[in-house]
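> Input: one structure, supplied below.
Nothing in this text is a laboratory measurement; each read-out follows from the coordinates by a stated rule. Note that the coordinates shown come from a computational prediction; the quantities given were computed from them, not determined experimentally. For neighbour counting, all protein chains shown are included, and Cβ atoms are generated from backbone atoms with ideal geometry for every residue, glycine included.
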């Protein structure tokens, strides 16, 4: 007996994803992107510009959040577009655990050809309250 796949509807939640971003990840990303801004590796410089500590690169945060979509569709080439606003930095502590980025996503629009997915990405702030790090984060993917 075969079962039909669950029909895709607005409101469908994608499987959530939790990713730890460590200082080692920041070093690797800096090398790959050539973004060696000291706020991504020097606590002293980060504090000088008002950050609590070293922060993750914005594009690393965005790309990591997009993984919830690429894992779901199974092929990164199906992503037609992705956009977001950065609403809060992601401080990355100098330890082995790093910063825990919790990512969720929900199908927010459908056409015959595409699905639009709204992405949420949060970290736990110093006071224990969730902090949204991306705003208006959406990806459009091919349905085929």
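> When region 107-133 is examined, which residues are found to be part of a strand (DSSP E or B) and either loosely packed, with under 14 Cβ neighbours inside 10 Å or touching a helix residue (DSSP H, G or I) at 6+ places or on another chain (Cβ under 6 Å) (or both)?
109, 117, 119, 121, 124, 130, 132
> Test residue 141 against the criterion of being assigned to a strand (DSSP E or B), in contact (Cβ under 8 Å) with a residue 12 or more places away in the chain and in contact with a strand residue (DSSP E or B) (Cβ under 9 Å, 6 or more places away or on another chain), and give yes or no.
For residue 141, the condition - assigned to a strand (DSSP E or B), in contact (Cβ under 8 Å) with a residue 12 or more places away in the chain and in contact with a strand residue (DSSP E or B) (Cβ under 9 Å, 6 or more places away or on another chain) - is met.
> Continuing with this model, one more query. For region 96-144, how many residues meet the condition of being under 22 Å from residue 49 (Cα atoms) and over 18 Å from the mean Cα position of the chain (by Cα)?
2
> Also, quick follow-up: What is the number of the single condition among (1) under 17 Å from the mean Cα position of the chain (by Cα); (2) buried (at least 17 other Cβ atoms within 10 Å of the Cβ); (3) more than 16 Å from residue 122 (Cα to Cα) that residue 81 does not meet?
Only one criterion is unmet by residue 81, namely (2).
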